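Chemist: Mind looking over this structure? Questions follow.
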Amino acid sequence: MSHEPGHGTPAVDLSADNLTNRQILEAGLRRDDIEIVHYESPFPVPGTKAERRIERLVAFLFFLAGAGAIAFVAVYIWGPFNPDEYTFGSGGEDWYTPALGFCLALALFGIGMGVLVYGRKLLPHEIAIQDRHDGASSDDDRKIAAGTLGFIGEELGIQRRPLIKATLGLGGLGLGLAAAAVPIGMMIKDPHPTAEHPEDPYFETGFNPRFNDGKPVRLVREDYTPIRPEDVSIGGQMTAFPGIPGGTTNEFADSPILLIHLRDNDAQTLRSNLKNYSKNALTNPSDPNSGSMWNNFVVYSKICTHAGCPASLYEQQTNRLLCPCHQSQFLITDNARPIFGPATRRLPMLPIDVDGEGYFVAKGDFGVAIGPAFWERPTQ
Amino acid sequence: MKRRKFDVKALPAATANAVDERFKAAGPIRGLLNKVFPDHWSFLLGEIALFSFIILLLTGTFLTLFFDPSMTEVIYNGAYAPLRGQAMSHAYATSLDISFAVRGGLIVRQMHHWAALLFLAAIVVHMFRIFFTGAFRKPRELNWIIGLLLFWLGFLEGFAGYSLPDDALSGTGLRIATGIMLSIPIIGTWVTTSLFGGEFPGHVILDRLYIAHVLLVPGILLALITVHVGLVFVQKHTQWPGPGRTNSNVVGERMFPRYAIKQGGFFMLVFAVVAFLGGLFQINPIWLFGPYRAAVVSAGSQPDWYVMFLDGSTRLMPAWELRFSLFGHGYTLPAIFWPTVVLPGILTVLPLIYPFIEARKNRDTSRHNLLNRPRDVPQRTALGMMAVSFYVVLLVSGGNDIIADKFHISLNAMTWAGRIAILVVPPLAYYITHRIALGLQQHDREVLAHGVETGIIKRLPNGAFVEIHQPLAPVDEHGHPAHLDYVGWTVPRKMNRLGALGPAIRGFFRPIERPAPPPPPPALPAKERDKIDA
Amino acid sequence: MSRRPSADVDPEGMTMTTESGGKTAARLRRLVSVAPRKRGKATRRLSAALRMLAALVFAGGLYMAVAPASSAADNPPLSRQAEDGKALFDQNCISCHGSNAQGVDGRGPSLIGVGSASVEFQVTTGRMPAARQEAQVPRKRPFWGGEELDNNAKALGQYIQELGGGPQLPAGTDFASQGDIARGGELFRINCASCHAFSAGGGALSSGKYAPSLKEATDREMYAAMLTGPQNMPVFGDNQLTPQQKTDIIAYVQGMKSDQDPGGWGLGRFGPVTEGLAIFLVGIVALVFATLWIAGKS
């Protein structure tokens, strides 16, 4: 086999008359250093049975494509689709999209396969060899390029003019800074409370009395109805929100809480465990409501301390709370201690009480950062 | 005046003349038409990604006509009755409209999503091919790096798209992304607050993700894909070693007509598969997830598959958080920082510099246009399988709650299994792959030395049984075959399949050995058509 | 039907300790007449009866002295249905839940106060009688079939209800048609989806426990589950989710279950995990086969 492709291709005199296309092609191949070393028509005898069979197959595939495309248009126009109403069990409408997909896939499949069968079966097979000519440029070319660049450098003469060089560098730097400063400056926002915006997004939730004219914030359901103790059965839990304007919307994405009504013995366990946590412990040992709990009710932040998903899979018998995103598990009866998974910190407990009208209120804000940890979070 | 007759037949030639007079295109076009491409099934994997990208551009453009990323809260009163009267963002409402009120909107949305999954799946599979065959070596290091960037850009693009409909699943994903950004030391809160324009979720994030999703990232993707494919043209494709295939030539077929026809047909097939999936397999049923609310989550909340390995690493990470005090203020380095920021960093840098590490280790400065068979570079293959197994353990762990639930395994046991597997499986994969590669290589050498097994057992006069081997090389007067060097070619395993250029099996499921072709009828002027046979 | 040989255990008299005076005689008659038939020996029959009598007198006296006066005095006679339920209970449930449903330590909890809703849920879903102790009692084929199941579950429920009260189910089997699907969807997502998943297909909980799929759940079973909080499921009492809201949720779940996916095959509605599996098993596999065919020598 030739290792100098193209050289095996016979030379063709392009000025000659009556050249076939094949001969002209070969002249071009020679210029591109290509040699066709194997060229075989799949059907040397035209019009054989086998060839006609392939032709019929290709024709059938193209026909299939057309039929699929027409069916697609027909389904698209007359298929059962109601743009005004979709109810559960809409019946016929459920096959609208599958029918569209099937027809479209059929049309594309027909075209694709038809083209492929045509190319694979009817066109001549060849093995062509082309020279790569890769690698570095010739020594001359490299020398010329280097010399040219060198001469351009001399023409510019920036090396000889240190003042211009220095000031240009300065100017370029300044422009670069300016270019970076605009987009960064447009977007940058101070995460910490400042004089202009006193809210502290990482330490404050909707339970801060600030949002309720300094009065304790009520716990409400998603429809803003306040919650009485008897609304949550023993062994039950309820997702609650701060009872302030917008409190149940995503404006207060850190605020959702889980209100849990523990069984008596579980509540006892939790209360006895709380004494280790000064923030939530009973201040008056004889008053079960003097800590963060209220009777057998306890409220934890619903926002996982790991990545911020709502940790809301409450197991009422084992008293575990599971986060469905990364499977952190918190033990409710031990101040929501993380007992499994990647979470490292307890879910913060919200101190609660019942107000004069018998509704749950928050005694104050959590007092710690809610949700995922961050660099400047204090190591409480 | 004589009216000039309009000659249709001369039109192509006239046009070609006109074009060439202006652009001097005849030479370059000839070069393009004649360019030789090698043909192998594994060279078409990257094309799947390229074609998916084109489908993504087509379907995505359609979707932009109906989608509005606004986070303004609206009360839905559209076609999907089970959500009527619900408060939701405008973005989610328009996503529902695309699915239920726009004729054909659902199939386009689903095709867009499936094409995105296919895009990244094809990139990963293509990347494995490049790695295991050594196609990243000099002079193609830059294209390897571009390919890696394309994966991460596709990853970003996919995540942005996943977040746009503002359903409960995408909102949960964004929330976790916030947690990840917050974990970055020193600048975490600044980056998060700046990107979200305040506290999560704020009002601007979808607008920003939208412009990133439809303009910024696709623009960069398009530019890099152009360079990626352009470099393949300029540097010419690699090829498998074999008879007649050298480091300085390309053996294949000319780009036109047959190669280009195959590419066009393959594009249609990829499109057909995406249409099939988009119509018959439901993906991302946002109407079941509901609008995003900070308090709402669903069991089995996962990202799309290409992000799932990060979810897996996060799930397996033990609860290790660094807390320390400096100058009277406490600081925290959260557990989530390691698996979601540091790990992707490592996963980017290591493959990025791998071509250079390998070249340095082997003191290899030469150019490589011939591919390696994986067995011929056991160490690289083993390292690659180590990385793949690492990735697969993370990927499986990303769905471990679904696996635990559907196969009745304890969730905690799944997590522990993943934690142990991530340490044990990769070294095991290295060892096993290394042994298999060496074994395959050894077998090839044996075939070269002794020939192909014929399956014919002969009993010697002394009673011993031996199998007759068909030598691959001519034999000397003693019947010993001439010595053949091991050069990394495919070695025949069966009788009558000698060399890669020999007659190959026909049919994929049902190999039919074709008998030798009959001689062409003498009456035909065969010379004209077939004379270039070597 | 009496697959569980509870009568063999009972004659020792230990489970009779809490029997109140009025019912003791009836219970005794039944036991005395049942136990011997099983043993079939006159002597054992006599001795068993005597031992039983002695134990009962002793235990009954002890109980009368210890038990709160109210429960003994207020226990009205059981209704006819509850009597049937009691008979079923004594045959099938007593070995774990103890006589009079007081519970047996380490085997089964007390059923006092769980209400008929809980009993009906556990029995009709086949969870009770449980096969063995495990992380969670799974749904399985119910102990009885068809109408018998319905009647027996109601009878058992009535018995437990009359023993200790507790939540009861409203009448009827079709709640879904009276609910507001949109409202139910919102409540489902905030209260139920976190464990049962957006598709009501279930999800994993800690250490082998799980929230079951609601695929086979009937209206009554869902209502009962919300009302009573079986196993690790939290209780959603009528003050938290009103009966109308429960009906809404049931309407949403049943509607969603009955709805054929508009976008094709729903892949089990598991979310991105099966979608990722599909892109490799369908998309990549099909296209790799295509590449093999395209690049193969023809």
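The values are calculated or read from the model by the stated rules, or taken from the named source; none is laboratory data. From a predicted model like this one, the values you see are computed outputs, not experimental measurements. No Cβ is skipped: glycine too gets one built from the backbone with ideal geometry, and neighbour counts run over all protein chains shown.
Chemist: Given the options B:Gly230, B:Gly279, B:Gly265, name the one that is within 27 Å of C:Gly283 (Cα to Cα), more than 7 Å from chain A (Cβ to nearest Cβ) and part of a helix (DSSP H, G or I).
Modeler: B:Gly230
Chemist: Let me ask something else about it. Name the pairs whose Cβ atoms lie under 6 Å apart, with the first residue in the stretch A:300-315 and aliphatic (A, V, I, L, M), the second part of a strand (DSSP E or B), and 6 or more positions between them or separate chains?
Modeler: Cβ pairs passing all conditions: A:Ala311/A:Leu321; A:Leu313/A:Leu322.
Let's see how each residue does on (1) modelled with pLDDT of 95 or more; (2) of a type outside the set (A, V, I, L, M):
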| residue | (1), (2) |
| --- | --- |
| B:Pro339 | no, yes |
| B:Leu347 | no, no |
| B:Arg367 | no, yes |
| B:Leu371 | no, no |
| B:Gly398 | no, yes |
| B:Asp401 | no, yes |
| B:Ala421 | yes, no |
| B:Tyr430 | yes, yes |
| B:His434 | yes, yes |
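Chemist: Go through the stretch B:52-82 and report how many residues are touching an Asp or Glu at 6+ places or on another chain (Cβ under 7 Å) and without any contact (Cβ under 8 Å) to a residue 40 or more places away in the chain.
Modeler: Residues that pass the stated criteria total 4.
Chemist: A further question follows. How do the pairs read when you match residues in the stretch A:247-266 that are under 13 Å from A:Phe207 (Cα atoms) with residues anywhere that are of a type in the set (Lys, Arg), using Cβ under 6 Å and keeping only pairs 6 or more apart or on different chains?
Modeler: Note: pairs meeting the criteria are A:Pro256/A:Lys302; A:Ile257/A:Lys302.
Chemist: Only one of C:Val285, C:Val253 is under 30 Å from B:Val273 (Cα atoms) and modelled with pLDDT of 90 or more. Can you tell me which?
Modeler: C:Val285
Chemist: While we're here: Of all strands (runs of 3 or more DSSP E) completely enclosed by the stretch A:269-360, which ones contain at least 3 residues that are not basic (Lys, Arg)?
Modeler: A:297-301, A:313-315, A:329-331, A:337-340, A:352-354
Chemist: With B:Ala449, B:Ala421 as the choices, which residue is more than 14 Å from every other protein chain (Cβ to nearest Cβ), within 30 Å of A:Ile339 (Cβ to Cβ) and either acidic (Asp, Glu) or part of a helix (DSSP H, G or I) (or both)?
Modeler: B:Ala421
Chemist: Of all residues being over 18 Å from A:Ile77 (Cα atoms) and touching a Phe, Trp or Tyr at 6+ places or on another chain (Cβ under 6 Å) in the stretch B:85-110, which is surrounded by the most Cβ atoms within 10 Å (Cβ to Cβ)? Just the residue, please.
Modeler: Among them, the one singled out is B:Ala93.
Chemist: Just to be sure, is C:Ile284 surrounded by 19 or more Cβ atoms within 10 Å (Cβ to Cβ), within 10 Å of chain B (Cβ to nearest Cβ), in contact with a Phe, Trp or Tyr (Cβ under 7 Å, 6 or more places away or on another chain) and over 23 Å from A:Ser90 (Cβ atoms)?
Modeler: Considered against the rule, which asks whether it is surrounded by 19 or more Cβ atoms within 10 Å (Cβ to Cβ), within 10 Å of chain B (Cβ to nearest Cβ), in contact with a Phe, Trp or Tyr (Cβ under 7 Å, 6 or more places away or on another chain) and over 23 Å from A:Ser90 (Cβ atoms), C:Ile284 comes out as no.
Chemist: Given the criterion within 7 Å of chain B (Cβ to nearest Cβ) and closer than 30 Å to B:Pro139 by Cβ, identify the matching residue among A:Gly135, A:Gly112.
Modeler: A:Gly135
Chemist: Can you pull out every residue in the stretch B:263-281 that is buried (at least 22 other Cβ atoms within 10 Å of the Cβ) and either in contact (Cβ under 8 Å) with a residue 60 or more places away in the chain or touching a strand residue (DSSP E or B) at 6+ places or on another chain (Cβ under 9 Å) (or both)?
Modeler: If the condition is that a residue be buried (at least 22 other Cβ atoms within 10 Å of the Cβ) and either in contact (Cβ under 8 Å) with a residue 60 or more places away in the chain or touching a strand residue (DSSP E or B) at 6+ places or on another chain (Cβ under 9 Å) (or both), then B:Phe266, B:Val270, B:Phe271, B:Val273, B:Val274, B:Ala275, B:Leu277, B:Gly278, B:Gly279, B:Phe281 are the ones that fit.
Chemist: While we're here: Which numbered condition in (1) crowded, with 20+ Cβ neighbours inside 10 Å; (2) outside any helix (DSSP H, G or I); (3) not charged (D, E, K, R) is the only one that A:Ile111 fails?
Modeler: The one condition A:Ile111 does not meet is (2).
Chemist: A follow-up question, please. Mind checking which residues of the stretch B:393-416 are in contact (Cβ under 8 Å) with a residue 12 or more places away in the chain and part of a helix (DSSP H, G or I)?
Modeler: Listed by number, the residues that qualify are B:Val393, B:Leu394, B:Leu395, B:Val396, B:Ser397, B:Gly398, B:Asn400, B:Asp401, B:Ile402, B:Asp405, B:Met414, B:Thr415.
Chemist: Sticking with this structure for a sec: Assuming B:Ser325 fulfils every condition listed in (1) assigned to a helix (DSSP H, G or I); (2) farther than 29 Å from B:His40 by Cβ apart from one, which condition is it?
Modeler: Going through (1) assigned to a helix (DSSP H, G or I); (2) farther than 29 Å from B:His40 by Cβ one by one, B:Ser325 breaks only (1).
Chemist: On to the next question. Considering only the stretch C:191-275, give the helices (runs of 4 or more DSSP H) lying wholly within it that have at least 3 residues that are more than 10 Å from every other protein chain (Cβ to nearest Cβ) and in contact with a helix residue (DSSP H, G or I) (Cβ under 8 Å, 6 or more places away or on another chain).
Modeler: Answer list for the stretch C:191-275: C:219-228, C:243-258.
Chemist: State whether the residues of the stretch B:95-107 include one that is of a type in the set (D, E, K, R), under 30 Å from A:Phe88 (Cβ atoms), without any contact (Cβ under 8 Å) to a residue 60 or more places away in the chain and within 9 Å of chain C (Cβ to nearest Cβ).
Modeler: No.
Chemist: Could you count how many residues in the stretch A:264-321 are crowded, with 21+ Cβ neighbours inside 10 Å and within 14 Å of chain B (Cβ to nearest Cβ)?
Modeler: 19
Chemist: Mind listing just one residue for me: the one in the stretch A:351-380 that is under 20 Å from A:Arg210 (Cβ atoms) and within 14 Å of chain B (Cβ to nearest Cβ) and, of those, farthest from the chain's Cα centre (by Cα)?
Modeler: Among those that are under 20 Å from A:Arg210 (Cβ atoms) and within 14 Å of chain B (Cβ to nearest Cβ), it is A:Val368.
Chemist: As an exercise: evaluate A:Gly214 against (1) assigned by TED's automatic domain parsing to the domain that holds A:Ile303; (2) closer than 20 Å to A:Gly364 by Cα; (3) touching a residue at least 40 places away in the same chain (Cβ under 8 Å) and give the number of the one condition it does not meet.
Modeler: Status for A:Gly214: all satisfied but (3).
Chemist: Inside the stretch A:331-350, can you point out the residues that are of a type in the set (A, V, I, L, M) and either surrounded by fewer than 24 Cβ atoms within 10 Å (Cβ to Cβ) or more than 10 Å from chain B (Cβ to nearest Cβ) (or both)?
Modeler: Within the stretch A:331-350, A:Leu331, A:Ile332, A:Ala336, A:Ile339, A:Leu347, A:Met349, A:Leu350 meet the criteria.
Chemist: Something else: Of all residues in the stretch B:162-185, how many are part of a helix (DSSP H, G or I) and touching a Ser or Thr at 6+ places or on another chain (Cβ under 9 Å)?
Modeler: 16
Chemist: Which one of these does B:Pro257 not meet: (1) under 29 Å from B:Arg375 (Cβ atoms); (2) assigned to a helix (DSSP H, G or I)?
Modeler: Going through the list (1) under 29 Å from B:Arg375 (Cβ atoms); (2) assigned to a helix (DSSP H, G or I), B:Pro257 breaks only (1).
Chemist: Can I ask one more? Within the stretch B:233-262, which residues are without any contact (Cβ under 8 Å) to a residue 40 or more places away in the chain, at the interface with chain A (Cβ under 8 Å from one of its Cβ atoms) and of a type in the set (A, V, I, L, M, F, W, C)?
Modeler: Once the filter is applied, which keeps residues that are without any contact (Cβ under 8 Å) to a residue 40 or more places away in the chain, at the interface with chain A (Cβ under 8 Å from one of its Cβ atoms) and of a type in the set (A, V, I, L, M, F, W, C), the stretch B:233-262 yields only B:Ile261.
Chemist: A further question follows. For residues that are more than 30 Å from B:Leu148 (Cα to Cα) and within 14 Å of chain C (Cβ to nearest Cβ), scanning just the stretch B:294-329, find the one that is surrounded by the most Cβ atoms within 10 Å (Cβ to Cβ).
Modeler: B:Val297
Chemist: Give the residues of the stretch A:39-74 that are more than 24 Å from A:Gly101 (Cα to Cα) and in a helix (DSSP H, G or I), sorted by residue number.
Modeler: Answer for the stretch A:39-74, where residues must be more than 24 Å from A:Gly101 (Cα to Cα) and in a helix (DSSP H, G or I): A:Lys49, A:Ala50, A:Glu51, A:Arg52, A:Arg53, A:Ile54, A:Glu55, A:Arg56.
Chemist: Any residue in the stretch B:434-446 that is among the polar types (S, T, N, Q) sitting within a Cβ distance under 7 Å of a residue that is in a helix (DSSP H, G or I)? List the pairs, counting only those 6 or more apart or interchain.
Modeler: Between residues of the stretch B:434-446 that are among the polar types (S, T, N, Q) and residues that are in a helix (DSSP H, G or I), the close pairs are B:Gln441/B:Arg375; B:Gln441/B:Asp376.
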